[in-house]
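Here the structure comes first, spelled out in structure tokens, and everything after it is commentary.
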Amino acid sequence: MPELPEVETVRRGLSPHLEGNRIEKIEIRRPDLRFPFPPDIVGELTGQIISEVDRRGKYLLFRMENNSILLNSLGMSGRWTLTGGKVSFTPGTFAHGAAIGTGDGPHDHLVIDFHNGLRATYTDARRFGYIHLIKSGISEDEDRFLRVLGPEPLEPNFDATILAQNLRNRNSPIKNTLLDQSVVVGLGNIYVNEVLNRSGVSPRRISSSLVKKNGKPGTQLELIVDQIREVLSEAIDAGGSTLQDFRGVSGDDDLGWFPVNFRVYGREGEVCLKPGCSGVVRRIVQSNRSTFYCARCQR
DNA sequence: CGTACCCCCTGGCTGC
DNA sequence: TGCAGCCAGGGGGTAC
């Protein structure tokens, strides 16, 4: 579920509480999520101090002082809850949230207890998420999950030229290609719809048609790059403010689902909210996933 | 290499 | 109220 802004919001919520904190105990409540838990995770991480809570694309990276990394994909329904000490909250909780994870719920699969009494619980009803361990001494470039990722859209090294390179030989619709994390990381099924609407580009457009014959980005591709940055940044800002409101509160499942005003997503049959447009939002299916767009202003 | 499909799993909502 | 059917924010694996 979570796309880049949601994962970033979770990261920001966890980081001040976990960084510098020592892991006293790790408990695994079932053998697997999407994949089996790494067999040596308990031995490898017990006693370690978390030096940084980082993010790459939609992955959370818990960097340890011994340079090993706990990688976590939230899948569709994964979330973290902090309890104990002075805090009790779930950063970036999602709309379909079940009970807050205290470590005893039916979907509380991983529980980490820290030196200072804090407990971090990973909850994931659908179990599409997973936990992966990058051992100390293994380079991130060699890791099977990290090495295939495309550029970070909010970093300076992402621009229309890079994207054009990644799209020039792509023969599938732009909506599908932008969801491919090897092309650019972070976009999911909500924000990709919003980006294309704001850019005025049809989700059905063949990706390579947005690249000029000389390999340079066309005007519409430049717009897409601008809108990727803008949509993701706005959503992060919205998530940040929501998180502040959520701090210290518990049990409200509606908070944390960011108050972004979607112009097309989930709005089939309603009027397109692009300023000046009076089109109607359509829903189509691409690669078995819903696409929302306005055929009037997206070409 | 690129692309198309299938699948993993639970829960919420809608309509009968 | 029960239940079937459909839908959901991701993405790995495999076959072509």
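The values are calculated or read from the model by the stated rules, or taken from the named source; none is laboratory data. All figures in this text were calculated on a predicted structure; none of them were measured in a lab. Counting neighbours? That spans all protein chains shown, and the Cβs are built from the backbone with ideal geometry, glycine included. Only protein heavy atoms, including side chains, enter the accessible area calculation; ligands, DNA and RNA are left aside. Shrake-Rupley method; radii C 1.70, N 1.55, O 1.52, S 1.80 Å.
Among A:LEU187, A:ILE112, A:ASN176, which residue has its Cα furthest toward the positive end of the charge dipole of chain A, with +1 on Lys/Arg Cβ and -1 on Asp/Glu Cβ?
Ranked along the dipole, the leading option is A:ASN176.
Given R₀ = 25 Å, FRET efficiency for A:THR219-A:ASP159 by Cβ-Cβ distance, to 0.05?
After rounding, the FRET efficiency stands at 0.95.
Per DSSP H run of n ≥ 4, the term is -39500 (n - 2.57); total these for chain A, divide by its residue number, and report the mean residue ellipticity at 222 nm rounded to 500 deg cm²/dmol.
Per the formula, -7500 deg cm²/dmol.
Kindly report the accessible area of chain A per residue (heavy atoms of protein chains, probe 1.4 Å, no ligands, DNA or RNA), in Å².
For chain A, the solvent-accessible area averages 44 Å² per residue.
Looking at chain A, which Cys residues are left with no other cysteine's beta carbon under 4.7 Å from theirs?
Unpaired cysteines in chain A: none, every one has a partner Cβ under 4.7 Å.
Would you mind pulling out the separation of the Cα centroids of the range A:1-44 and the range A:140-164, in Å?
23
Compute the convex hull volume of the Cα atoms of the range A:106-246, divide it by the residue count, and report the result per residue in Å³ as a whole number. Don't jump to the answer; show the numbers that get you there.
Numbers: hull volume 24.1 nm³, N = 141.
In the range A:106-246, the Cα hull volume divided by residue count equals 171 Å³.
In whole percent, how big is the carbon plus sulfur part of the accessible area of chain A, probe 1.4 Å, protein atoms only?
Using a 1.4 Å probe with all protein chains present, chain A comes out at 46 percent carbon and sulfur.
Along the charge dipole of the range A:4-142, which of A:SER73, A:PHE128, A:LEU60 sits closest to the positive end, that is, farthest toward it, with unit charges on the beta carbon of Lys, Arg, Asp and Glu (+1, +1, -1, -1)?
A:PHE128
Treat every Asp and Glu Cβ in chain A as -1 and every Lys and Arg Cβ as +1, leave all other atoms uncharged, and give the resulting dipole magnitude about the Cα centre to the nearest 20 debye.
With Lys and Arg at +1 and Asp and Glu at -1, about 1460 debye.
State the dimensionless ratio Rg/Rh of chain A (Rg: radius of gyration of Cα atoms; Rh: Kirkwood radius).
Ratio of gyration radius to Kirkwood radius: 1.00.
At a Cα cut-off below 15 Å, give the aspartates and glutamates reachable from A:LYS212, other chains included and same-chain residues fewer than 8 away excluded.
Cross-link targets: A:GLU222.
Rounded to two decimal places and with Rh computed the Kirkwood way over Cα pairs, what is Rg over Rh for the range A:4-142? Walk me through the numbers before you get to the answer.
Details: Rg = 13.6 Å, Rh = 14.8 Å.
Answer for the range A:4-142: 0.92.
As a test of reading the structure, rank A:MET64, A:MET76 by solvent-accessible area (1.4 Å probe, protein chains only), most first.
If we order A:MET64, A:MET76 from most to least accessible, we get A:MET76, A:MET64.
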